[in-house]
Amino acid sequence: MSVFILGSYAKALVMTTDRIPLAGETLIGRDFRQTWGGKGSDMAVQAARLGADVAYAGVVGDDAFGHEFVSLMQQEGVDIRALTLTNALPTGAGLIVKDNEARNIIVVDMGANKLFTPALVDSALAHIQKCNVALAQLEIPLDTALYGLRKAKALGKTTILNPAPARNLRGIDLSAIDYLTPNETEARVALGLAPDDGRSNREIADLLLETGCQYVVMTLGEAGSAVFSQHDTQEIPPCKVDVVDSNGAGDSFNAALAVALDEGKPIAEAVLLANATAALCCTDWETVPSYHCRSDVDAFMKSMNLAEE
């Protein structure tokens, strides 16, 4: 089993205050914590905990935050021979202020992630060749993400693009993408539409399929997920949990989808596993600390009578 991730990493620096500060205002905060960030990093950890052999390519700074990331990947058993450390830019970082009402403001400098070039993808082709599934997201340059997935597709690999953070992809050739995995908001933004555009998800998916991708796998929050192809719609039921923190659930979903497809599961079964994995992530705080191992997910699915007989 093998999953290759075109990844991103950013250190998250988080603090809680009674309310979100106004411009020019200084507030006293509390509960300062540092945690792991970056969609690619999250996906790598979750995929590894689900039992896949995971290889990761990306760029971090040759600094304390970058070295922490290297340690995390080594601890999780992720192959980082295609990782680049650079002195040109620092490791990505995000400053997050949360208030008592669970609202937040976030400022992110993607830092060294911006230096992930197609040339570095070429340097990683030997590792891509050994994988079954390649997964990318958009915290790295779009050209690099698409280039990497095109290279993977040419090598006969299954390809997944999580179009997050959301950006307009209309007019861009996504024919190398097997599975495009937006949530409802990202799906609309990817078409250059308002995030709350009133068209049905089927209509939105039809427009996304015109980009050339084979399937649109849309996450629907508490309603579960749906898989759209040119001629079919499959609705995949949600896995109900008491939500503590949904941060990182999308990354968890995509990682689990990649692992399930790597195992050869049909798309409906793969998405069901992804729904369950993402639901379990929501039962604990933060991202990496909330990601469960495969035995936990299997037991959860069995408890919900969702597991294979």
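The values are calculated or read from the model by the stated rules, or taken from the named source; none is laboratory data. Since the model is a prediction, treat every value here as computed from it, not as a measurement. Methodologically, a virtual Cβ is constructed for each residue, glycine included, from the backbone with ideal geometry; neighbour enumeration extends over all protein chains shown. When the accessible area is computed, the model is the full protein with side chains, heavy atoms only, and any ligands, DNA or RNA have been set aside. Shrake-Rupley method; radii C 1.70, N 1.55, O 1.52, S 1.80 Å.
With bins 10 Å wide beginning at 0, the percent of Cα pairs of the chain falling in each bin runs 6, 28, 36, 24, 6, 0. FRET efficiency for the pair ASP18 and TRP285, taken as 1/(1 + (r/R0)^6) with r the Cβ-Cβ distance and R0 = 22 Å, rounds to 0.70.
Within the full protein context, the accessible area of VAL108 is estimated at about 80 Å² for a probe radius of 1.4 Å. Counting lysine pairs in the chain whose alpha carbons fall under 27 angstrom apart, excluding pairs fewer than 8 residues apart on the same chain, gives 27. Per residue, how many Å² of accessible area does the chain show with a 1.4 Å probe? Accessible surface, normalised per residue, equals 44 Å². Computed with a 1.4 Å probe over protein heavy atoms only, the accessible area of ILE105 comes to about 70 Å².
Scoring 160-170, 15-25, 274-284 by mean Cβ neighbours within 10 Å over their residues and listing the highest first yields 274-284, 160-170, 15-25.
Go ahead and estimate [θ] at 222 nm for the chain from helices alone: -39,500 (n - 2.57) per DSSP H run with n ≥ 4, summed, over the residue count, rounded to 500. Please report the intermediate quantities before stating the final value.
Details: 10 runs with 102 residues, N = 309.
That calculation yields -10000 deg cm²/dmol at 222 nm.
Please list, by residue number, everything in segment 119-141 whose backbone N is under 18 Å from a paramagnetic label point 7 Å out along Cα→Cβ of SER175. Backbone N within reach: none found.
Mind checking the full-extension length gain between ALA299 and ALA88? Use 0.36 nm per residue of separation minus the Cα-Cα distance, one decimal, nm. Mind showing how you got there, number by number?
Numbers: separation 211, 0.36 × 211 = 75.96 nm, distance 4.55 nm.
Value of the extension gain: 71.4 nm.
Could you tell me which trypsin sites (Lys or Arg not before Pro) in segment 192-265 are loop residues by DSSP with no more than 10 other beta carbons within 10 angstrom of their beta carbon?
Here the sparse-neighbourhood loop sites are LYS240.
Each of ALA44, ALA64, ASN162 was scored by the projection of its Cα onto the charge dipole of the chain, and the greatest displacement toward the positive side belongs to ALA64; charges sit on the C-beta of Lys, Arg, Asp and Glu.
Just to verify a number: FRET efficiency for ALA166 and ASP232, C-beta to C-beta distance, R0 = 25 Å, to 0.05? It would help to have the intermediate numbers written out before the result.
Details: r = 25 Å, r/R0 = 1.00.
About 0.50, to the nearest 0.05.
Taking the protein heavy atoms of the chain in the context of the full set of protein chains, the accessible area attributed to carbon and sulfur is 51 percent at 1.4 Å. The dipole here belongs to segment 46-148: it is taken about the Cα centre, uses +1 on the Cβ of Lys and Arg and -1 on the Cβ of Asp and Glu, and is about 180 debye.
A probe of 1.4 angstrom, applied to the heavy atoms of all protein chains, finds SER123 with accessible area near 90 square angstrom.
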